[in-house]
Amino acid sequence: MVLGVSSILLFKQRTVKDLISLLIELNIKHVDLFLIPPYLSIDNIDEIASEIRDAVSDVKFTIKAPSFSENLASILREIRETTMREYIETIEIAHRVGALGVIIKPGMMFHTEKKCKDEILGVFTESIRKIADKASHYGIKLLLENYYYPYEILRRAESFTYIYELIKDYNNVGFALNIPHLLESRSSVDFLIRNCSGDVLNKIELIYLGLRPSPWENSTYIQSITHSYYEFVKIYKVVKPEYIVAASIDPTITRLLIDYLRDVL
Amino acid sequence: MRLLYGLSTSLAENYKNAAIETIKFAIENNFQVVEIFCETPDVLPDQPDYKKISEINSIARKHGIRIQIHAPFHSLNLASFNERIRQVSVKIIKDTIVLASELNSPIVTFHLGLCFLPCQIDRKKALKVLIRSLWDIIEFANDYNIMLAMENRGGKLDIGRLSDLLYVLDNISDNKLRVTFDVVQANVVDDPLKYYEALKKFIRNIHVSDSPRGKSLLLAVGEGEINYKELLARLIRDNISAPLIFEVANKEKALKSREELEKHKKALIRD
């Protein structure tokens, strides 16, 4: 198990040097590089990864693909194709910089997609398989992350089980469990444990911790840190993921999360 | 003053034939306008079905139905900091403009974009990105003589609050850029009448549904808390002839909404 931080610390005018200082201060050896163009993109990721690697010995990387509007399940072909290109490119970047895993947002089904569920899920399944094959080709882990809005394909316990059926034959494909997202979807770790089989839970290979509603939003809901932490303690009794990532744009929150996590690990 | 009533194709039961189904319902029930939401499989701007376009044109022309277009918006972001996402969003809106031209629609309603983490930290920069996208789209729309109508939005991640629309109107002075006033989206975040007063000069299209304050439930007019009688009074007072497009949960609610608005209109004329 490796304890890590998300590169979203680079937001709010912080430099790579600031990030490196925090890694050294907290003795952190894993960085989850979230590709958010233009801040972190195909154009500068090699340079940033190399700068971190030079300063922090034995550092490991995972890469979170661009994950805001991206949607592998869109009714719009151009959105699906753009998303696919970004995800494939992220896998190639991961291979280039020696990252061990790539995290993607599976997709969203809005009203239209739900009305055309059979066709859309067929296209979606095909896309997931193509990406999984590409990741497998490079020996990279592909991790599917849960999100919290009602239209998200991977959201609550039942969708973990559904997606598991699509990915169970791939040794290199698993889940990235985002605890704030799980809580925000009005679910909980208890519910996940009760409703998912051991096989499904064992596919969780990375856990994100941060503030609710989402580490990927500019949240100020500081109190939610305790709730996220308690949920982490529960899941950690059941599964032992390879990576645990403290994700916040705020260094103070990151320090707090790392302190909490070190108490458990 | 005669009110112009219309239906969104989002009301259709069979999404694979949403446009034709809605047009037929409009004909049977004397609606004048159909707004085609271009996210149903029968009318997708990035995969145009010319046979379907011809069928829509033929039936609409025969029965005097005015067609107008609502661009796709899910997963589109004209204000994205990610250039690839911004460009595909601009392209899909341009494809929608071409489709609007083929369907003889004078107007395309669209959403401005979404505000994710980078925008939440630097909204000003996101709005500048948005303006760049809009100039590109407006020039294109001008070539097709299509009016663009940006819609106000009230969702947590939406760019489309009153302040956003006013910012765009301050920065882009072009008489081909106007507003689709979504009453229930205004009601999600504020008093719809306040939105109306601020935007009335620019309103060319109106989305109608009802809801309790702070929510967007797609109820029929009269089933929620929006003061439609007052809104109607102001539309009549200001001589705004924009079509009233029912974006409600089903066809029955569209019929009920029209009945309710007609009742208000009669009462206003009587008073």
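If you go through the range B:214-238 and keep only what is over 23 Å from B:Glu13 (Cα atoms) and either modelled with pLDDT under 95 or assigned to a helix (DSSP H, G or I) (or both), you end up with B:Gly214, B:Lys215, B:Tyr228, B:Lys229, B:Glu230, B:Leu231, B:Leu232, B:Ala233, B:Arg234, B:Leu235, B:Ile236, B:Arg237. Can you pull out the residues in the range A:1-31 that are within 14 Å of chain B (Cβ to nearest Cβ) and of a type in the set (A, V, I, L, M)? Within the range A:1-31, A:Ile8, A:Leu9, A:Leu10 qualify. Looking only at residues in the range A:84-112 that are farther than 16 Å from A:Ser159 by Cα and more than 19 Å from the chain's Cα centre (by Cα), the one that is surrounded by the most Cβ atoms within 10 Å (Cβ to Cβ) is A:Thr112.
Within this structure, A:Lys117 fails the test of being closer than 26 Å to A:Tyr151 by Cα, of a type in the set (Lys, Arg), more than 13 Å from chain B (Cβ to nearest Cβ) and surrounded by fewer than 15 Cβ atoms within 10 Å (Cβ to Cβ). Checked against the criterion of being among the aliphatic types (A, V, I, L, M), surrounded by 21 or more Cβ atoms within 10 Å (Cβ to Cβ) and farther than 20 Å from A:Thr83 by Cβ, the candidates A:Leu154, A:Leu211, A:Leu183 yield just one match: A:Leu211. When B:Ile93 is tested against (1) within 14 Å of another protein chain (Cβ to nearest Cβ); (2) farther than 24 Å from B:Pro243 by Cβ, exactly one condition is not met: (2). From the list A:Tyr229, A:Tyr243, pick out the single residue that is without any contact (Cβ under 8 Å) to a residue 40 or more places away in the chain and of a type in the set (Phe, Trp, Tyr). Only one candidate qualifies: A:Tyr229. Only one of the numbered conditions (1) within 27 Å of B:Leu217 (Cβ to Cβ); (2) within 11 Å of chain A (Cβ to nearest Cβ); (3) touching a residue at least 40 places away in the same chain (Cβ under 8 Å); (4) acidic (Asp, Glu) is violated by B:Glu35, and that is (2). Among what's in the range A:30-59 and is closer than 20 Å to A:Thr254 by Cα and part of a loop (DSSP other than H, G, I, E, B), pick the residue that is modelled with the lowest pLDDT. Top of the filtered list is A:Tyr39.
Every residue, every condition in (1) on the phi > 0 side of the Ramachandran plot; (2) surrounded by fewer than 21 Cβ atoms within 10 Å (Cβ to Cβ); (3) within 12 Å of chain B (Cβ to nearest Cβ), yes or no:
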position	(1), (2), (3)
A:Leu33	no, no, no
A:Val56	no, yes, no
A:Val59	no, yes, no
A:Phe68	no, no, yes
A:Ile79	no, no, yes
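All of B:Glu102, B:Glu21, B:Glu83 fail the test of being at pLDDT 95 or above, farther than 30 Å from A:Ile36 by Cβ, within 14 Å of another protein chain (Cβ to nearest Cβ) and over 17 Å from the mean Cα position of the chain (by Cα), apart from B:Glu21.
With respect to B:Ala71, determine if the residue is at pLDDT 95 or above, under 30 Å from B:Glu259 (Cα atoms), under 19 Å from the mean Cα position of the chain (by Cα) and within 13 Å of chain A (Cβ to nearest Cβ). Here the answer is yes, as B:Ala71 does meet what is asked.
Of the helices (runs of 4 or more DSSP H) entirely within the range A:177-265, those holding at least 2 residues that are within 14 Å of chain B (Cβ to nearest Cβ) occupy A:179-184. Annotation: A:Met84 fulfils all but one of (1) assigned to a loop (DSSP other than H, G, I, E, B); (2) of a type outside the set (D, E, K, R); (3) within 17 Å of B:Ile92 (Cβ to Cβ); the unmet one is (1).
The values are calculated or read from the model by the stated rules, or taken from the named source; none is laboratory data. Keep in mind that what you see is a predicted model, and the values were worked out from it rather than measured. Reconstructed Cβ throughout: ideal geometry from the backbone, glycine too, with neighbour counts over all protein chains shown.
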